[in-house]
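S.K.: Structure in structure tokens, see below.
The values are calculated or read from the model by the stated rules, or taken from the named source; none is laboratory data. Please read all numbers here as calculations on a predicted model, not as lab measurements. Here the Cβ is made from the backbone with ideal geometry for all residues, glycine too, and neighbour counts use every protein chain on show. SASA here: full protein model, heavy atoms, side chains in, ligands and nucleic acids out. Shrake-Rupley method; radii C 1.70, N 1.55, O 1.52, S 1.80 Å.
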Amino acid sequence: MKHFTKMALAATVAAGLCTSAAADIYAPNLSYRTGPFAATGIPLMNGQKDYFTMINERDGGIGGVKIEFDECETGYSTEKGVECYEKTKGRAVVTQPWSTGITLQVLPKTNVDMIPILAPGYGFSPMADGKVFQWAFNAPGSYWDAASMILKFISQDNLDNLKGKKIAFLHLDHPFGKEPLPFLEAKAAQHGFELLPIPVGLKEMQNQSAQWLQIRRERPDYVIMWGWGAMNAGAITEAVKTKFPMENFIGTWWSGHDADLKIVGEDGKGYKSISFSRPMLDAAIQADIKKYVVDAGKSQSNPEEMSGVFYNRGLVISMILAEGIKAAQDHFKVGEINAEQLRWGLENLNVTEERLAELGMTGMVAPFKTSCSDHTGHSGGWVLEWDGKAFVEASDHLTPDSASIQPLEVEKAAEYAAANAPWPINEECK
Amino acid sequence: MLYRTAGQYKTSYASDQAVFPVRQDAILLGIILLLAWVIFPLTASEFTFQTLLIPILIYSLAALGLNVLTGYAGQLSLGTAAFMGVGAYACYKMVTLMPWLNPLVAILLSGAFSAGIGVAFGIPSLRIKGFYLAIATLAAQFFLVWLFEKWGWLYNYNSSGAIQVPNLTMFGVYVAGPQASTIVQYYVVLVVVSLLTWVTINLTRGTLGRTWKATRDMDFAAELIGINLMRSKLTAFAISSYIVGVAGALFVFMWRGAAEPNLFDIPLSFRILFIAIIGGLGSIMGNYLGAILIVGLPVMLNTVPEALGIHIDSATVEHLNIMIVGSLIIFFLIIEPHGLARLWALIREKLVIWPFPH
């Protein structure tokens, strides 16, 4: 008993030291290292965490203030997500919901709780309209950006080339998978290609034989995939089995996970995925991560994972948050910023080529800039292609067709605001 | 000692048949009601409301609905989540089509829709029993979730396919949607749950409850003594689905704020079935005990390492949590297969004769 008391005392003291020595800006992450989507979650979470560990170790935080980067495990379940949101919202300067379901639930509460949501590359595409969604950010790109870039790529930058073609849209039958549908439908009507939506139910993710039978029968020119978790591996193995030409198969940025392709290896050659980030293994930041995080034994990752697309995307995502914090600190001239100040910071991000070079992240993401009316930044991205062993770049830098996306964003954002009236609109923003 | 019944004489049939023949039980209930109605709302934090009080009440109500069907009338059902979904979608359609409708009325009415669907899927119960019936209700589960996904009208052709609760007011106060305050939502849930629990207690103690129990214990014997099995089974389906439907509407409107179709998929049905089984089939109180164990305990356990100042990874806590709750479920089912309500009844019996057991 005595022994136990001592241990408990030691633990308390240690924990006390931890909290007093650690940090002052609390940035929680609603992680999912457990559950059905863990395989894709872990590399992302590791990347995000390692970036902030590196910042804390190398620079002593941002602007001299350490970042307490904490994880709250959701297992990708909406119910746990709400639990985590409630648990963290007291001190948090940001919410990173990490699932479209949790985002949908948290989104309407943001105006009341006044905590910015940071959902890089996911969530609700109309969140780009910052006048309506004052507290939500999905920089550097939305799903509609991704869809637009994919169409541009397969049509060689002229959507009229797609006239008369047939494009199958294989997607998870879930808010996430349906997200690009309004955009794709509009484009199909405008440019005269046939869009064939093929939903994959959550229960059918691993067994998509019915969907691929349909694809074989319909013989589409291209298959665009909006998949996540087990669905990606399911679709890719099924495509190999049905001998679908891999070079005509292209996924969104969450469908480009190295481990999913390693299952099929050489057979997956030619599969493509759009991406707003690139793994740059010779970038300066990699050395710092190795020095301050990996060699210090503070990383949960491994070399194989660290060379992958998702780990490096995790780094980019944390960089966006860190830049938001920095922008807010510079503007308000305080170290310990609060949620409202971070909102300003995320709204005034300016990630330039020079800034990326300073961060040692040149080429890992394209330069972008947010404003009060544009919460996405629309950085564009690249097409990555599986060469049998790794994802390599297969295109120049692509940009989304913002001119045609923007009116749709405004329209859908207005619809959302009307359905959730009374909804405050940022009138000051021009 | 605390539970001594000496001196409490029953002088009339009415007092002998009272809900609480022992005075201490009534006092205990009084304390619980006082806690739920006054003490918790005064002291609880928003976190407690959102992750413990409101979900426990809503899950208890859903389990209560299932218990009417499975525990009292003996009809096994695996479609609970789908019936909750019917309630939620019905409520959503009502408040969007008729924005002037009082939200509380809408929630209570939405149960009627799931009652109708419940009766339709209950018809096979007249011919099939036990596990075979469970499979028939499984059909409802799959069919309805499929319908929620495919029928655009149900979610107002929203591009995300999910339903989102609008801001609703009642007498000038927001009761649902992002603008509503948690304490108001808690009271709405508490009113509905208290009301339906009171109705159910009375139903199960009355004629209807007795016919259900007779049906459960041996249906052809019940038929021989003149019980109309069709009426007995279908009323059980209707009332059970009504309660479950109301629970579904509360689930989305008073707690979640948004719902996608797969929320109402089979894992939720199982969860509610487990609450009912672990709490105790054929008991009212068991639903609450079961919900506290299955819904509340994991949340409480999650906060333990932090409260003790021990730093463990969130994912590890989650794994530990699953192990602890899982082993507790096995533990309770081994020491008392009839559920927590029965366990409490045994403890109470012991308390009554303590300290002089025969």
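S.K.: One residue is enough: does the stretch B:188-206 have a residue meeting the conditions under 24 Å from B:ILE266 (Cα atoms), within 11 Å of another protein chain (Cβ to nearest Cβ), crowded, with 21+ Cβ neighbours inside 10 Å and in contact (Cβ under 8 Å) with a residue 12 or more places away in the chain?
M.R.: Looking for residues that are under 24 Å from B:ILE266 (Cα atoms), within 11 Å of another protein chain (Cβ to nearest Cβ), crowded, with 21+ Cβ neighbours inside 10 Å and in contact (Cβ under 8 Å) with a residue 12 or more places away in the chain, one finds none in the stretch B:188-206, hence no.
S.K.: Also, I was wondering about something else. Could you please let me know if A:THR110 is within 9 Å of chain B (Cβ to nearest Cβ), open to solvent by less than 20 Å² (accessible area, probe 1.4 Å), under 22 Å from A:ASN420 (Cβ atoms) and touching a helix residue (DSSP H, G or I) at 6+ places or on another chain (Cβ under 6 Å)? Steps first, please.
M.R.: Numbers: within 9 Å of chain B (Cβ to nearest Cβ): yes; open to solvent by less than 20 Å² (accessible area, probe 1.4 Å): yes; under 22 Å from A:ASN420 (Cβ atoms): yes; touching a helix residue (DSSP H, G or I) at 6+ places or on another chain (Cβ under 6 Å): no.
Against the criterion (within 9 Å of chain B (Cβ to nearest Cβ), open to solvent by less than 20 Å² (accessible area, probe 1.4 Å), under 22 Å from A:ASN420 (Cβ atoms) and touching a helix residue (DSSP H, G or I) at 6+ places or on another chain (Cβ under 6 Å)), A:THR110 does not qualify.
A quick yes/no check of all residues on (1) more than 23 Å from A:TYR271 (Cα to Cα); (2) under 23 Å from the mean Cα position of the chain (by Cα); (3) modelled with pLDDT of 90 or more:
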| residue | (1), (2), (3) |
| --- | --- |
| A:LEU162 | no, no, yes |
| A:ILE167 | no, no, yes |
| A:LEU181 | no, yes, yes |
| A:HIS191 | yes, no, yes |
| A:LEU195 | no, no, yes |
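S.K.: Additional query: Can you name every one of the helices (runs of 4 or more DSSP H) wholly within the stretch B:196-286 that holds 3 or more residues which are under 30 Å from B:GLY161 (Cβ atoms)?
M.R.: Details: elements: B:207-217, B:219-224, B:229-250, B:266-279.
Passing ranges, in order: B:229-250, B:266-279.
S.K.: Ok, one more. Give the residue that is farthest from the other protein chains (Cβ to nearest Cβ), with candidates limited to residues of the stretch A:152-202 that are open to solvent by 50 Å² or more (accessible area, probe 1.4 Å) and closer than 13 Å to B:SER159 by Cβ.
M.R.: Top of the filtered list is A:PRO197.
S.K.: Starting from residues that are β-branched (Val, Ile, Thr) and within 7 Å of chain A (Cβ to nearest Cβ), keep the ones in the stretch B:297-311 and report whichever is surrounded by the most Cβ atoms within 10 Å (Cβ to Cβ).
M.R.: Among those residues, the one meeting the criterion is B:VAL299.
S.K.: OK, next. Looking only at the stretch A:35-67, which residues are part of a loop (DSSP other than H, G, I, E, B) and more than 17 Å from the chain's Cα centre (by Cα)? First the steps, then the outcome.
M.R.: If we filter the stretch A:35-67 for residues that are part of a loop (DSSP other than H, G, I, E, B), which is where we start, we get A:35-37, A:60-61, A:63-64, A:66.
Hits for the stretch A:35-67 are A:GLY35, A:PRO36, A:GLY60, A:GLY61, A:GLY63, A:GLY64, A:LYS66.
S.K.: Scan the stretch A:360-371 and give yes if some residue there is open to solvent by 60 Å² or more (accessible area, probe 1.4 Å) and over 21 Å from the mean Cα position of the chain (by Cα), otherwise no.
M.R.: no
S.K.: Out of (1) under 19 Å from the mean Cα position of the chain (by Cα); (2) open to solvent by less than 10 Å² (accessible area, probe 1.4 Å), what's the single condition that is false for A:PHE391?
M.R.: That leaves (2) as the condition not met.
Results for (1) without any contact (Cβ under 8 Å) to a residue 24 or more places away in the chain; (2) closer than 23 Å to A:THR88 by Cα; (3) more than 14 Å from chain A (Cβ to nearest Cβ), shown as yes or no for each residue.
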site: B:GLN24; (1), (2), (3): yes, no, yes
site: B:THR43; (1), (2), (3): yes, yes, yes
site: B:ILE56; (1), (2), (3): no, yes, no
site: B:GLY79; (1), (2), (3): no, no, yes
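S.K.: Does any residue of the stretch B:312-321 turn out to be touching a Cys at 6+ places or on another chain (Cβ under 9 Å) and either surrounded by fewer than 14 Cβ atoms within 10 Å (Cβ to Cβ) or of a type in the set (S, T, N, Q) (or both)?
M.R.: yes
S.K.: Based on what the data block shows, is A:SER277 touching a helix residue (DSSP H, G or I) at 6+ places or on another chain (Cβ under 8 Å) and within 20 Å of A:ASP145 (Cβ to Cβ)? Please lay out each step first, then the result.
M.R.: Working: touching a helix residue (DSSP H, G or I) at 6+ places or on another chain (Cβ under 8 Å): yes; within 20 Å of A:ASP145 (Cβ to Cβ): yes.
Criteria met by A:SER277.
S.K.: A follow-up question, please. Looking only at the stretch A:68-79, filter to residues that are at the interface with another protein chain (Cβ under 8 Å from one of its Cβ atoms) and under 15 Å from B:THR316 (Cα atoms); which one of those is surrounded by the fewest Cβ atoms within 10 Å (Cβ to Cβ)?
M.R.: Selected residue: A:ASP70.
S.K.: Still on this structure: Counting just the residues of the stretch A:88-105 that are out of contact with any strand residue (DSSP E or B) (no Cβ under 6 Å at 6 or more places or on another chain) and within 10 Å of chain B (Cβ to nearest Cβ), which one comes out surrounded by the fewest Cβ atoms within 10 Å (Cβ to Cβ)?
M.R.: Of everything passing the filter in the stretch A:88-105, A:GLY90 is surrounded by the fewest Cβ atoms within 10 Å (Cβ to Cβ).
S.K.: Given the options A:GLY297, A:GLY270, A:GLY265, A:GLY234, name the one that is buried (at least 21 other Cβ atoms within 10 Å of the Cβ) and closer than 27 Å to A:GLY47 by Cβ.
M.R.: Being buried (at least 21 other Cβ atoms within 10 Å of the Cβ) and closer than 27 Å to A:GLY47 by Cβ holds for just one of A:GLY297, A:GLY270, A:GLY265, A:GLY234, which is A:GLY234.
S.K.: Let me confirm something: among A:GLY256, A:GLY251, which residue is more than 14 Å from every other protein chain (Cβ to nearest Cβ), closer than 11 Å to A:LEU170 by Cβ and buried (at least 24 other Cβ atoms within 10 Å of the Cβ)? Talk me through it step by step, then tell me what you get.
M.R.: Working: A:GLY256 fails: closer than 11 Å to A:LEU170 by Cβ.
A:GLY251 is the lone residue from the list that is more than 14 Å from every other protein chain (Cβ to nearest Cβ), closer than 11 Å to A:LEU170 by Cβ and buried (at least 24 other Cβ atoms within 10 Å of the Cβ).
S.K.: Which one of A:ASN420, A:ASN338, A:ASN348 is open to solvent by 40 Å² or more (accessible area, probe 1.4 Å) and either within 14 Å of chain B (Cβ to nearest Cβ) or over 26 Å from B:GLN179 (Cβ atoms) (or both)?
M.R.: Within the list A:ASN420, A:ASN338, A:ASN348, the selection yields A:ASN348.
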